[in-house]
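Report on the structure given below.
The values are calculated or read from the model by the stated rules, or taken from the named source; none is laboratory data. Quick caveat: nothing in here was measured; it's all calculated off a predicted structure. Ideal geometry is used to build each Cβ from the backbone, glycine not excepted, and the neighbour counts take in all protein chains shown. The area values use the complete protein model at the heavy-atom level, side chains included, leaving out ligands, DNA and RNA. Shrake-Rupley method; radii C 1.70, N 1.55, O 1.52, S 1.80 Å.
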Amino acid sequence: MIRFEGITKKYDGKPVVSDITLEISRGDLVVLIGQSGCGKTTLLKIINRLIKPTSGRVFIQGENIFDKNVIDLRRNIGYVIQQTGLFPHMTVRENIEIVPRLQKKNRAAIAEKSIALMQMVGLNPELFLDRYPYQLSGGQQQRIGVARAFACDPDIILMDEPFSALDPISRNQLQEELAELQSRLRKTIVFVTHDMDEAVKIADKICILHQGRIAQYDRVEAIMKNPASDFVAEFMGRNRIWSSPEFIRAKDIMIADPACTGADASILRCMEKMRLRQVDSLLVTDKAGCLQGIISAKQAQSQGDKSAPVFQVMQKEFETLSPDTNIVEILTLMNRHSAKALSAIPVTGENRRLEGLITRSSLLTTLSQPYLLDGDTNTMVYKEGLPCTF
Ligand SMILES: Nc1ncnc2c1ncn2[C@@H]1O[C@H](COP(=O)(O)OP(=O)(O)O)[C@@H](O)[C@H]1O
Ligand SMILES: [Mg+2]
(Lines give C-alpha, C1' and ligand atoms only; values in the text may rest on other atoms or scores of the structure.)
(Ligands and ions follow the chains in the order given, each with its own letter.)
Protein backbone atom coordinates (compact mmCIF):
# COMPACT_ATOMS: atom_id res chain seq x y z
CA MET A 1 0.00 0.00 0.00
CA ILE A 2 2.73 2.46 1.05
CA ARG A 3 6.30 1.83 -0.06
CA PHE A 4 9.36 3.85 0.92
CA GLU A 5 12.32 3.33 -1.38
CA GLY A 6 15.67 4.59 -0.20
CA ILE A 7 14.24 7.68 1.50
CA THR A 8 16.82 10.10 2.91
CA LYS A 9 16.11 13.52 4.38
CA LYS A 10 18.94 15.88 5.19
CA TYR A 11 18.92 19.24 6.93
CA ASP A 12 22.03 21.33 6.29
CA GLY A 13 23.73 18.29 4.81
CA LYS A 14 23.06 16.19 7.92
CA PRO A 15 20.77 13.20 7.44
CA VAL A 16 17.87 12.88 9.90
CA VAL A 17 16.51 9.81 8.15
CA SER A 18 18.80 7.66 6.05
CA ASP A 19 18.01 5.28 3.24
CA ILE A 20 14.66 4.06 4.58
CA THR A 21 13.09 1.25 2.59
CA LEU A 22 9.82 0.05 4.04
CA GLU A 23 6.61 -1.55 2.85
CA ILE A 24 3.32 -1.03 4.68
CA SER A 25 0.55 -3.42 3.69
CA ARG A 26 -3.05 -2.40 3.13
CA GLY A 27 -5.13 -2.70 6.29
CA ASP A 28 -2.16 -2.84 8.65
CA LEU A 29 -1.64 -0.56 11.60
CA VAL A 30 2.08 0.12 11.59
CA VAL A 31 3.70 1.92 14.50
CA LEU A 32 6.83 4.00 13.93
CA ILE A 33 8.63 4.12 17.24
CA GLY A 34 11.92 5.46 18.51
CA GLN A 35 13.51 8.02 20.75
CA SER A 36 12.81 11.70 20.34
CA GLY A 37 14.54 13.12 17.28
CA CYS A 38 15.03 9.78 15.51
CA GLY A 39 12.98 10.90 12.51
CA LYS A 40 9.47 9.55 13.11
CA THR A 41 7.59 12.73 12.35
CA THR A 42 9.81 13.40 9.35
CA LEU A 43 8.94 10.00 7.85
CA LEU A 44 5.25 10.50 8.51
CA LYS A 45 5.17 13.94 6.93
CA ILE A 46 6.93 12.64 3.85
CA ILE A 47 3.88 10.44 3.21
CA ASN A 48 1.50 13.39 2.88
CA ARG A 49 4.20 15.56 1.35
CA LEU A 50 4.43 18.04 4.20
CA ILE A 51 8.16 17.29 3.95
CA LYS A 52 10.07 16.71 0.74
CA PRO A 53 12.76 14.05 1.01
CA THR A 54 16.28 14.82 -0.17
CA SER A 55 16.33 11.57 -2.12
CA GLY A 56 14.33 8.40 -2.59
CA ARG A 57 10.78 7.69 -3.61
CA VAL A 58 7.44 6.89 -1.98
CA PHE A 59 4.70 4.92 -3.67
CA ILE A 60 1.06 4.60 -2.66
CA GLN A 61 -0.72 1.79 -4.45
CA GLY A 62 2.19 1.67 -6.87
CA GLU A 63 1.89 5.38 -7.72
CA ASN A 64 4.80 7.71 -7.06
CA ILE A 65 3.34 10.33 -4.69
CA PHE A 66 5.56 13.07 -6.09
CA ASP A 67 3.90 12.63 -9.50
CA LYS A 68 0.46 13.17 -7.98
CA ASN A 69 -1.54 16.29 -7.40
CA VAL A 70 -0.88 17.11 -3.74
CA ILE A 71 -4.52 17.99 -2.99
CA ASP A 72 -5.71 14.65 -4.39
CA LEU A 73 -3.02 12.89 -2.43
CA ARG A 74 -3.99 14.47 0.90
CA ARG A 75 -7.69 13.94 0.31
CA ASN A 76 -7.03 10.23 0.62
CA ILE A 77 -4.92 10.61 3.75
CA GLY A 78 -6.33 11.46 7.19
CA TYR A 79 -3.94 13.17 9.58
CA VAL A 80 -4.16 13.33 13.37
CA ILE A 81 -1.57 15.17 15.47
CA GLN A 82 -0.91 15.61 19.16
CA GLN A 83 -2.17 19.19 19.41
CA THR A 84 -5.40 18.05 17.69
CA GLY A 85 -5.12 20.80 15.09
CA LEU A 86 -8.79 21.64 15.63
CA PHE A 87 -9.73 25.16 14.61
CA PRO A 88 -10.63 26.93 17.88
CA HIS A 89 -13.14 29.33 16.35
CA MET A 90 -15.11 26.56 14.64
CA THR A 91 -17.62 24.22 16.24
CA VAL A 92 -16.99 20.49 16.34
CA ARG A 93 -19.36 20.07 13.41
CA GLU A 94 -17.54 22.69 11.33
CA ASN A 95 -14.22 21.13 12.19
CA ILE A 96 -15.32 17.68 11.10
CA GLU A 97 -17.13 18.89 7.99
CA ILE A 98 -14.51 21.28 6.70
CA VAL A 99 -13.02 19.04 4.03
CA PRO A 100 -16.26 17.35 2.90
CA ARG A 101 -17.79 20.83 2.50
CA LEU A 102 -14.82 22.02 0.49
CA GLN A 103 -15.41 19.02 -1.71
CA LYS A 104 -18.98 20.26 -2.17
CA LYS A 105 -20.51 17.02 -1.04
CA ASN A 106 -24.24 16.79 -0.52
CA ARG A 107 -25.21 18.70 2.68
CA ALA A 108 -27.59 16.08 4.03
CA ALA A 109 -25.05 13.34 3.42
CA ILE A 110 -22.38 15.38 5.22
CA ALA A 111 -24.63 15.92 8.25
CA GLU A 112 -25.49 12.26 8.40
CA LYS A 113 -21.83 11.31 8.17
CA SER A 114 -20.96 13.68 11.05
CA ILE A 115 -23.44 11.89 13.30
CA ALA A 116 -21.98 8.52 12.33
CA LEU A 117 -18.42 9.76 12.95
CA MET A 118 -19.33 11.07 16.41
CA GLN A 119 -20.86 7.72 17.27
CA MET A 120 -17.76 6.00 15.93
CA VAL A 121 -15.53 7.89 18.36
CA GLY A 122 -17.96 7.47 21.25
CA LEU A 123 -19.30 11.01 21.61
CA ASN A 124 -22.97 11.90 21.71
CA PRO A 125 -23.60 13.97 18.53
CA GLU A 126 -26.48 15.95 20.06
CA LEU A 127 -24.34 16.98 22.99
CA PHE A 128 -21.09 17.73 21.23
CA LEU A 129 -21.54 18.69 17.58
CA ASP A 130 -22.30 22.32 18.29
CA ARG A 131 -19.69 22.89 20.99
CA TYR A 132 -16.38 24.63 20.50
CA PRO A 133 -13.10 22.77 21.08
CA TYR A 134 -12.37 24.68 24.33
CA GLN A 135 -15.61 23.26 25.75
CA LEU A 136 -14.22 19.72 25.45
CA SER A 137 -11.70 17.79 27.53
CA GLY A 138 -8.36 16.83 25.99
CA GLY A 139 -9.57 13.29 25.38
CA GLN A 140 -12.77 14.50 23.73
CA GLN A 141 -10.82 16.89 21.51
CA GLN A 142 -8.55 14.07 20.42
CA ARG A 143 -11.61 11.97 19.59
CA ILE A 144 -12.81 14.80 17.34
CA GLY A 145 -9.35 14.82 15.74
CA VAL A 146 -9.79 11.13 14.96
CA ALA A 147 -13.34 11.65 13.66
CA ARG A 148 -12.11 14.43 11.38
CA ALA A 149 -9.35 12.21 9.98
CA PHE A 150 -12.00 9.66 9.02
CA ALA A 151 -14.40 12.24 7.55
CA CYS A 152 -13.45 11.74 3.92
CA ASP A 153 -13.20 8.01 4.36
CA PRO A 154 -9.51 7.98 3.40
CA ASP A 155 -7.61 4.76 2.74
CA ILE A 156 -4.65 5.93 4.81
CA ILE A 157 -4.53 7.57 8.23
CA LEU A 158 -1.40 9.12 9.69
CA MET A 159 -1.31 9.66 13.44
CA ASP A 160 1.56 11.53 15.09
CA GLU A 161 1.63 10.89 18.86
CA PRO A 162 -2.11 11.54 18.95
CA PHE A 163 -2.62 10.41 22.53
CA SER A 164 0.65 11.45 24.21
CA ALA A 165 -0.70 14.63 25.78
CA LEU A 166 -3.61 12.83 27.43
CA ASP A 167 -3.93 11.57 30.98
CA PRO A 168 -3.26 7.80 31.30
CA ILE A 169 -6.92 6.85 31.62
CA SER A 170 -8.08 8.72 28.52
CA ARG A 171 -5.00 7.49 26.67
CA ASN A 172 -5.82 3.89 27.50
CA GLN A 173 -9.42 4.34 26.49
CA LEU A 174 -8.51 5.88 23.15
CA GLN A 175 -5.94 3.18 22.44
CA GLU A 176 -8.51 0.49 23.04
CA GLU A 177 -11.08 2.29 20.94
CA LEU A 178 -8.61 2.76 18.11
CA ALA A 179 -7.75 -0.95 18.18
CA GLU A 180 -11.45 -1.80 18.13
CA LEU A 181 -12.18 0.68 15.35
CA GLN A 182 -9.30 -0.64 13.32
CA SER A 183 -10.42 -4.25 13.68
CA ARG A 184 -13.69 -3.20 12.03
CA LEU A 185 -12.51 -0.68 9.43
CA ARG A 186 -9.09 -2.07 8.49
CA LYS A 187 -7.62 1.22 7.31
CA THR A 188 -3.94 1.51 6.57
CA ILE A 189 -2.70 3.42 9.60
CA VAL A 190 0.78 4.76 10.27
CA PHE A 191 1.01 5.67 13.94
CA VAL A 192 3.95 7.47 15.54
CA THR A 193 4.71 7.08 19.22
CA HIS A 194 7.64 6.84 21.62
CA ASP A 195 5.68 4.64 24.03
CA MET A 196 6.27 0.91 23.63
CA ASP A 197 3.25 -0.05 25.76
CA GLU A 198 1.09 1.91 23.37
CA ALA A 199 2.77 0.30 20.35
CA VAL A 200 2.31 -3.24 21.64
CA LYS A 201 -1.33 -2.56 22.39
CA ILE A 202 -2.35 -1.32 18.96
CA ALA A 203 0.22 -2.37 16.35
CA ASP A 204 0.08 -5.06 13.71
CA LYS A 205 3.70 -4.30 12.91
CA ILE A 206 6.27 -2.13 14.63
CA CYS A 207 9.07 -0.26 12.90
CA ILE A 208 11.77 0.64 15.42
CA LEU A 209 13.84 3.61 14.30
CA HIS A 210 17.28 4.39 15.63
CA GLN A 211 19.20 7.45 14.52
CA GLY A 212 17.23 7.76 11.32
CA ARG A 213 17.54 4.11 10.33
CA ILE A 214 15.32 1.06 10.73
CA ALA A 215 16.53 -1.06 13.64
CA GLN A 216 13.80 -3.67 13.08
CA TYR A 217 10.48 -3.88 11.27
CA ASP A 218 8.27 -6.85 11.99
CA ARG A 219 5.15 -8.14 13.67
CA VAL A 220 5.07 -7.38 17.39
CA GLU A 221 5.31 -11.01 18.39
CA ALA A 222 8.30 -11.62 16.12
CA ILE A 223 10.22 -8.64 17.52
CA MET A 224 9.53 -9.76 21.08
CA LYS A 225 10.78 -13.25 20.37
CA ASN A 226 13.67 -12.36 18.09
CA PRO A 227 15.00 -8.85 18.67
CA ALA A 228 17.43 -8.06 15.84
CA SER A 229 20.00 -6.37 18.09
CA ASP A 230 20.81 -5.46 21.66
CA PHE A 231 19.43 -2.02 20.95
CA VAL A 232 16.04 -3.49 19.99
CA ALA A 233 16.01 -5.86 22.96
CA GLU A 234 16.76 -2.98 25.32
CA PHE A 235 14.22 -0.76 23.66
CA MET A 236 11.47 -3.39 23.82
CA GLY A 237 12.32 -4.19 27.42
CA ARG A 238 13.70 -7.70 27.65
CA ASN A 239 10.90 -9.15 29.68
CA ARG A 240 8.08 -7.39 27.90
CA ILE A 241 6.70 -10.65 26.59
CA TRP A 242 5.54 -11.37 30.13
CA SER A 243 3.13 -8.48 29.94
CA SER A 244 1.67 -10.01 26.76
CA PRO A 245 1.62 -13.72 27.62
CA GLU A 246 -0.79 -14.39 24.77
CA PHE A 247 2.26 -14.10 22.49
CA ILE A 248 3.82 -17.15 24.15
CA ARG A 249 2.53 -20.15 22.26
CA ALA A 250 2.58 -23.92 22.54
CA LYS A 251 5.18 -24.15 19.75
CA ASP A 252 7.52 -21.86 21.72
CA ILE A 253 7.53 -23.88 24.90
CA MET A 254 6.77 -27.48 23.90
CA ILE A 255 9.19 -30.35 24.05
CA ALA A 256 9.88 -30.82 20.35
CA ASP A 257 10.99 -34.47 20.46
CA PRO A 258 8.73 -36.23 22.95
CA ALA A 259 9.23 -39.96 23.56
CA CYS A 260 7.21 -41.90 20.98
CA THR A 261 6.47 -45.45 19.96
CA GLY A 262 4.88 -47.24 17.01
CA ALA A 263 1.43 -48.76 17.49
CA ASP A 264 2.68 -52.34 17.01
CA ALA A 265 5.34 -52.23 19.73
CA SER A 266 4.70 -54.55 22.65
CA ILE A 267 3.83 -53.19 26.05
CA LEU A 268 7.11 -54.57 27.38
CA ARG A 269 9.10 -52.58 24.79
CA CYS A 270 7.15 -49.48 25.71
CA MET A 271 7.98 -49.94 29.39
CA GLU A 272 11.65 -50.32 28.52
CA LYS A 273 11.57 -47.19 26.43
CA MET A 274 9.94 -45.20 29.21
CA ARG A 275 12.61 -46.38 31.63
CA LEU A 276 15.43 -45.49 29.23
CA ARG A 277 14.07 -42.03 28.49
CA GLN A 278 12.92 -41.52 32.06
CA VAL A 279 9.40 -40.52 31.11
CA ASP A 280 6.08 -41.72 32.46
CA SER A 281 4.18 -41.88 29.17
CA LEU A 282 4.76 -42.49 25.46
CA LEU A 283 2.99 -40.99 22.50
CA VAL A 284 1.87 -43.59 19.98
CA THR A 285 2.29 -42.49 16.37
CA ASP A 286 1.82 -44.08 12.94
CA LYS A 287 4.44 -44.19 10.19
CA ALA A 288 3.48 -40.71 8.97
CA GLY A 289 4.09 -39.29 12.44
CA CYS A 290 0.39 -38.80 13.20
CA LEU A 291 -0.74 -39.19 16.78
CA GLN A 292 -2.82 -42.31 17.51
CA GLY A 293 -2.83 -42.53 21.28
CA ILE A 294 -1.02 -42.28 24.58
CA ILE A 295 0.21 -45.00 26.89
CA SER A 296 1.13 -44.19 30.47
CA ALA A 297 3.50 -46.20 32.66
CA LYS A 298 0.63 -46.99 35.01
CA GLN A 299 -1.55 -48.39 32.22
CA ALA A 300 1.35 -50.46 30.88
CA GLN A 301 2.16 -51.93 34.28
CA SER A 302 -1.45 -52.89 34.99
CA GLN A 303 -1.62 -55.04 31.84
CA GLY A 304 -1.30 -58.79 32.40
CA ASP A 305 -0.06 -59.70 28.93
CA LYS A 306 3.03 -57.56 28.33
CA SER A 307 3.54 -59.00 24.86
CA ALA A 308 0.30 -57.44 23.56
CA PRO A 309 0.73 -54.54 21.10
CA VAL A 310 0.34 -51.12 22.61
CA PHE A 311 -2.56 -50.07 20.36
CA GLN A 312 -4.79 -52.54 22.20
CA VAL A 313 -4.41 -50.74 25.50
CA MET A 314 -3.47 -47.16 24.70
CA GLN A 315 -5.71 -44.26 25.55
CA LYS A 316 -7.41 -42.90 22.43
CA GLU A 317 -9.50 -40.05 23.83
CA PHE A 318 -7.53 -37.07 25.09
CA GLU A 319 -7.02 -33.34 24.68
CA THR A 320 -4.57 -31.96 22.13
CA LEU A 321 -3.28 -28.43 21.54
CA SER A 322 -2.56 -26.63 18.32
CA PRO A 323 0.95 -25.14 17.99
CA ASP A 324 -0.56 -21.64 18.16
CA THR A 325 -2.49 -22.13 21.41
CA ASN A 326 -1.26 -19.47 23.82
CA ILE A 327 0.03 -20.03 27.32
CA VAL A 328 -3.04 -18.53 28.98
CA GLU A 329 -5.28 -21.05 27.20
CA ILE A 330 -2.87 -23.87 28.01
CA LEU A 331 -2.90 -23.03 31.72
CA THR A 332 -6.68 -22.84 31.71
CA LEU A 333 -6.90 -26.23 30.07
CA MET A 334 -4.40 -27.79 32.45
CA ASN A 335 -6.25 -26.34 35.43
CA ARG A 336 -9.59 -27.58 34.20
CA HIS A 337 -8.19 -31.07 33.99
CA SER A 338 -6.06 -31.00 37.11
CA ALA A 339 -8.52 -33.32 38.83
CA LYS A 340 -7.84 -35.90 36.15
CA ALA A 341 -4.11 -35.40 36.66
CA LEU A 342 -3.53 -34.37 33.10
CA SER A 343 0.21 -33.92 33.31
CA ALA A 344 0.99 -33.70 29.58
CA ILE A 345 -0.87 -32.54 26.48
CA PRO A 346 0.32 -33.42 22.98
CA VAL A 347 0.63 -30.62 20.42
CA THR A 348 -0.62 -31.61 16.99
CA GLY A 349 -0.85 -29.93 13.62
CA GLU A 350 -2.81 -30.87 10.52
CA ASN A 351 -4.12 -34.45 10.38
CA ARG A 352 -3.10 -34.88 14.01
CA ARG A 353 0.57 -34.82 13.05
CA LEU A 354 2.55 -34.82 16.25
CA GLU A 355 4.52 -31.59 16.75
CA GLY A 356 5.48 -31.79 20.41
CA LEU A 357 4.37 -32.17 23.98
CA ILE A 358 3.59 -29.76 26.78
CA THR A 359 4.15 -31.15 30.24
CA ARG A 360 3.58 -29.57 33.61
CA SER A 361 7.32 -29.35 34.07
CA SER A 362 7.96 -27.71 30.66
CA LEU A 363 5.33 -25.13 31.60
CA LEU A 364 6.93 -24.53 34.95
CA THR A 365 10.33 -24.02 33.34
CA THR A 366 8.82 -21.39 31.07
CA LEU A 367 6.92 -19.64 33.82
CA SER A 368 9.95 -19.41 36.07
CA GLN A 369 12.19 -18.07 33.32
CA PRO A 370 12.29 -14.38 34.21
CA TYR A 371 12.95 -15.26 37.83
CA LEU A 372 16.27 -16.27 39.29
CA LEU A 373 17.22 -17.71 42.63
CA ASP A 374 18.82 -14.93 44.63
CA GLY A 375 21.79 -16.44 46.48
CA ASP A 376 21.70 -13.94 49.33
CA THR A 377 18.08 -14.16 50.29
CA ASN A 378 17.39 -17.61 48.87
CA THR A 379 14.22 -16.38 47.24
CA MET A 380 13.06 -16.22 43.64
CA VAL A 381 13.52 -12.70 42.34
CA TYR A 382 12.34 -11.04 39.20
CA LYS A 383 15.39 -10.52 37.05
CA GLU A 384 15.30 -7.48 34.80
CA GLY A 385 17.39 -7.79 31.69
CA LEU A 386 17.46 -11.55 31.55
CA PRO A 387 17.34 -12.51 27.89
CA CYS A 388 14.18 -14.19 26.75
CA THR A 389 15.14 -17.39 25.05
CA PHE A 390 12.01 -18.01 23.05
N1 LIG B 1 13.15 21.99 9.75
C2 LIG B 1 14.19 21.38 10.36
N3 LIG B 1 15.44 21.87 10.28
C4 LIG B 1 16.48 21.26 10.86
N5 LIG B 1 16.37 20.11 11.55
C6 LIG B 1 15.15 19.56 11.68
C7 LIG B 1 14.00 20.16 11.09
N8 LIG B 1 12.95 19.37 11.37
C9 LIG B 1 13.41 18.35 12.11
N10 LIG B 1 14.73 18.45 12.29
C11 LIG B 1 15.58 17.50 13.03
O12 LIG B 1 15.41 16.23 12.48
C13 LIG B 1 15.45 15.24 13.47
C14 LIG B 1 14.23 14.34 13.37
O15 LIG B 1 13.08 15.09 13.71
P16 LIG B 1 11.65 14.43 13.86
O17 LIG B 1 11.35 13.63 12.65
O18 LIG B 1 10.69 15.49 14.22
O19 LIG B 1 11.89 13.46 15.10
P20 LIG B 1 10.86 12.64 15.99
O21 LIG B 1 9.49 12.86 15.46
O22 LIG B 1 11.31 11.23 15.89
O23 LIG B 1 11.03 13.16 17.37
C24 LIG B 1 15.58 15.97 14.78
O25 LIG B 1 16.92 15.91 15.20
C26 LIG B 1 15.16 17.36 14.46
O27 LIG B 1 15.82 18.28 15.29
MG1 LIG C 1 7.80 13.73 16.33
Task: Nearest-20 debye value, segment 251-367 charge dipole, Cβ charges on Lys, Arg, Asp, Glu - done: 340 debye
Open item on the list: Given contacts defined as C-alpha pairs under 8 Å and at least six residues apart, what's the relative contact order of the chain, whole-number percent?
Closed with: 15 percent
Task: Cα-Cα P(r), segment 1-141, percent of pairs per 5 Å interval - done: 2, 8, 15, 17, 15, 14, 13, 10, 5, 1, 0
TODO: Over the chain, with every protein chain in place, what whole percent of the accessible area is carbon and sulfur at 1.4 Å, could you tell me?
DONE: 49 percent
Open item on the list: Run the simple label-point estimate for THR365 and ARG353 please: 7 Å along Cα→C-beta, distance reported in nm.
Closed with: 2.4 nm
- [ ] Consider just the alpha-carbon atoms of segment 162-262 and return their Rg together with their Dmax, both in angstrom.
- [x] 16.7, 63
- [ ] Rounded to the nearest 10 degrees, what's the angle between the helix 107-120 long axis and the longest principal axis of the chain, both from Cα atoms, 0 to 90?
- [x] 40 degrees
Task: Sequence-separation-based contact order of segment 251-367, relative, with Cα cut under 8 Å and 6+ spacing, percent - done: 30 percent
Task: Debye intensity ratio in log₁₀ form over the Cα atoms of segment 77-203, taken at each q of 0.16, 0.21 Å⁻¹ - done: -0.74, -1.30
TODO: Using only Cα positions of segment 251-367, each an equal point scatterer, no hydration layer, compute I(q)/I(0) via Debye at q = 0.14, 0.24 Å⁻¹ and quote the log10 values to two decimals.
DONE: -0.56, -1.44
Task: GluC sites (Glu not before Pro) within segment 281-346, DSSP loop, no more than 16 other Cβ atoms inside 10 Å - done: GLU317, GLU319
Task: Most mobile listed residue (ILE214, ILE110, ILE33) in the chain, GNM with C-alpha springs under 10 Å - done: ILE110
Open item on the list: I want the local charge near ARG184. Using Cβ-Cβ distances under 14 Å, sum +1 for each Lys or Arg and -1 for each Asp or Glu among the other residues.
Closed with: -2
Open item on the list: Give me a comma-separated list of calculated 3J(HN,Hα) values for segment 258-267, in order, Karplus coefficients 6.51, -1.76, 1.60 applied at θ = phi - 60°, integers in Hz, x for any Gly or Pro.
Closed with: x, 5, 10, 8, x, 6, 8, 4, 6, 4
TODO: Anything over 24 Å Cα to Cα? Flag those among LYS273/LYS298; LYS52/LYS201; LYS45/LYS205; LYS10/LYS205; LYS273/LYS306; LYS105/LYS187, in the order listed.
DONE: LYS52/LYS201; LYS10/LYS205
Open item on the list: Could you tell me the center-to-center distance, by alpha carbons, between segment 32-64 and segment 192-253 in angstrom?
Closed with: 22 Å
Task: For segment 2-244, size of Cβ-based charge dipole, Lys and Arg +1, Asp and Glu -1, in debye - done: 640 debye
- [ ] For segment 1-69, report the convex hull volume of the alpha-carbon atoms normalised per residue, in Å³, without decimals.
- [x] 88 Å³
Open item on the list: Would you calculate the convex hull of the Cα atoms in the chain and tell me its volume per residue in Å³?
Closed with: 214 Å³
Open item on the list: Using the Cα centre of segment 112-254 as origin and beta-carbon charges of +1 (Lys, Arg) and -1 (Asp, Glu), tell me which of GLY145, SER183, GLN216 is placed farthest towards the positive end of the dipole.
Closed with: GLN216
- [ ] Mind checking which of SER296, THR359, GLY262 is farthest towards the positive end of segment 251-367's charge dipole, using Cβ charges of +1 (Lys, Arg) and -1 (Asp, Glu) about the Cα centre?
- [x] SER296
Open item on the list: To the nearest 20 Debye, how big is the dipole of segment 154-301 about its Cα centre, given +1 on the beta carbon of each Lys and Arg and -1 on that of each Asp and Glu?
Closed with: 820 debye
TODO: Would you look at the GNM of the chain, springs on alpha carbons closer than 10 Å, and say which of ARG336, ARG148, ARG74 moves the most?
DONE: ARG336
TODO: Springs between alpha-carbon atoms under 10 Å, Gaussian network over the chain: tell me which of LEU32, LEU367, LEU117 tops the mean-square fluctuations.
DONE: LEU367
TODO: For every other residue with a beta carbon closer than 14 angstrom to the beta carbon of ARG107, add +1 if it is Lys or Arg and -1 if Asp or Glu, then tell me the sum.
DONE: +2
TODO: Skip the ligands, DNA and RNA, and give the accessible area per residue of the chain with a 1.4 Å probe, whole Å².
DONE: 51 Å²
- [ ] Among HIS194, PHE4, PHE128, pick out the residue whose Cα is farthest towards the positive end of the charge dipole of segment 2-244, where Lys and Arg carry +1 and Asp and Glu carry -1 on C-beta, about the Cα centre.
- [x] PHE4
